[in-house]
Amino acid sequence: MPRSGTRRPRGRGQILTETEWIETFIQPRANKGLRSDWLGPGDDAALLPLDDSECSVLTVDALVEGQHFRTEWLDDSGLARRLLRSGVSDLTAMGARPRGLLLSIETPELPGRVGETFWDSVDQECQLLDLKLLGGNVVATDGPLALHATCIGSVGIGREWRRNGASVDDLLLVSGYPGRAAQAREQIAAGQSFAGKDPWTAPEPRLLFAATLSTLLAQEAPQLLPAVIDISDGLLLDLKRLCQVNGCGARIDIGALLEPVGSPTADQVLSGGEDYELLMAIPSSARSIVAKAADETGTPWHEIGTLTANQDQQIEVLIQGSDLTPENQGWDPFSGKKIR
């Protein structure tokens, strides 16, 4: 999800957006040749059963200088913090518990920006997120600094959360405050400093909330699993992905996310991205369980709408009941701009 680059890469033949590239090359290969109990491309993470009771959950993410951030936006500790927390957010969206980490580094020099401060932060984040460093790779490059984290988790078989499984009239809920990360990013780009305390520099994967909700659902509604996606490319674009896999549309009202004064703009809420919050669809009967999990863990959350019977997967956006035509649709890293 690059936010600083503006150049659109050139290649052979037609230039593709990220979504088009995935549809052309990845989706035809998704789950091809996999066992029925494995899960390949198309969700927040892959699933690989370990035995009859537990699955490994695997995801990989990148942080590239000049694409995801400018040099002055993050100190060395912030590099580790953002990289690991964004990766763990994918595990959280699958209802998984973090286990291990593989770290790959491309750097022009050593130690460069991956010296003592960086590794102290890796240690702190691993302790905070319950990760164990399992290995990795380092390579010299003439290009920019690039960090790649493969995060590994585990979840009980049949208890994993996926993007599918939702139904028309399910409630749409979000954790936290989508849009605040984009607001902070723009303020940082303008020279403001938050000393690592803002939601862009220090995203908060909802590990405790997800674990608590998973436990409560198993106890009180064992047949129910939410449909979940983590918000990385913007609330609107990630909601479209959720709608697409479930064959429905949505009607949302983002008014509560624009209050109080000083909150993000509608565009930041809908298409800013890099929130790493959870967007979930649940039956109305489970709303009280979500509320209980949020209350027990001190997690802010908002009910923003419902899924609708719309085979074209259209999304209706409102602010306090008034129709809104979104300015942007989300972020595409290979167009160098937000999707219009």
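A short reminder: the numbers here are calculations on the coordinates, not readings from a lab. Everything numeric here is computed off the predicted structure, so don't read it as measured data. For neighbour counting, all protein chains shown are included, and Cβ atoms are generated from backbone atoms with ideal geometry for every residue, glycine included.
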Per-peptide average of other Cβ atoms within 10 Å, ordering 304-317, 238-251, 107-120 highest first: 238-251, 304-317, 107-120
I need the P(r) histogram for the range 127-184: all alpha carbon pairs, bin width 5 Å from 0 out to the longest distance, whole percents. 4, 8, 12, 12, 17, 18, 14, 8, 4, 2, 0
Report, to one decimal in Å, the Kirkwood hydrodynamic radius for the range 171-339 based on all distinct Cα pairs. 16.5 Å
Under the classification rounded if a/c is under 1.5, otherwise prolate if a/b is larger than b/c and oblate if not, where does the range 31-156 fall, given a ≥ b ≥ c as square roots of the Cα gyration tensor eigenvalues? prolate
Which residues' amide hydrogens lie under 5 Å from the amide hydrogen of residue 54, considering only partners 5 or more residues apart or on another chain, with H built in the peptide plane? 157
Just order 52-61, 273-282 by mean Cβ neighbour count inside 10 Å, highest at the front, would you? 273-282, 52-61
Quick one: in the range 13-74, what % of C-alpha pairs are over 17 Å apart? 60 percent
Given Cβ point charges of +1 (Lys, Arg) and -1 (Asp, Glu) and nothing else, what value in debye, to the nearest 20, does the dipole of the chain about its Cα centre take? 640 debye
Rounded to the nearest 20 debye, dipole of the range 171-339 from Cβ charges on Lys, Arg, Asp, Glu: 160 debye
What list of ³J(HN,Hα) couplings, whole Hz, do you get for the range 52-63 from phi and the Karplus terms 6.51, -1.76, 1.60, once you set θ to phi - 60° and write x for glycine and proline? 7, 10, 9, 10, 7, 10, 10, 8, 10, 9, 10, 9
Once phi is turned into θ = phi - 60°, what whole-Hz ³J(HN,Hα) does the Karplus curve with 6.51, -1.76 and 1.60 give for every residue of the range 299-308, x standing for Gly and Pro? 9, x, 8, 9, 8, 10, x, 9, 7, 10
Order of 184-195, 205-216, 76-87 by packing, highest average Cβ count within 10 Å first? 76-87, 205-216, 184-195
Given that just one value was derived from the coordinates, which of [x] -0.26, -0.91; [y] -0.44, -0.90; [z] -0.20, -0.87 is log10 I(q)/I(0) by the Debye sum over Cα atoms at q = 0.06, 0.12 Å⁻¹? [z]
For the range 66-78, take each phi angle, set θ = phi - 60°, evaluate the Karplus expression 6.51 cos²θ - 1.76 cosθ + 1.60, and give the result in whole Hz per residue in order, putting x for glycine and proline. x, 10, 7, 7, 9, 3, 7, 6, 10, 7, 5, 5, x
Shape call for the range 258-333, from the Cα gyration tensor axes a ≥ b ≥ c (a/c under 1.5 means rounded, otherwise prolate when a/b beats b/c, else oblate), comes out oblate
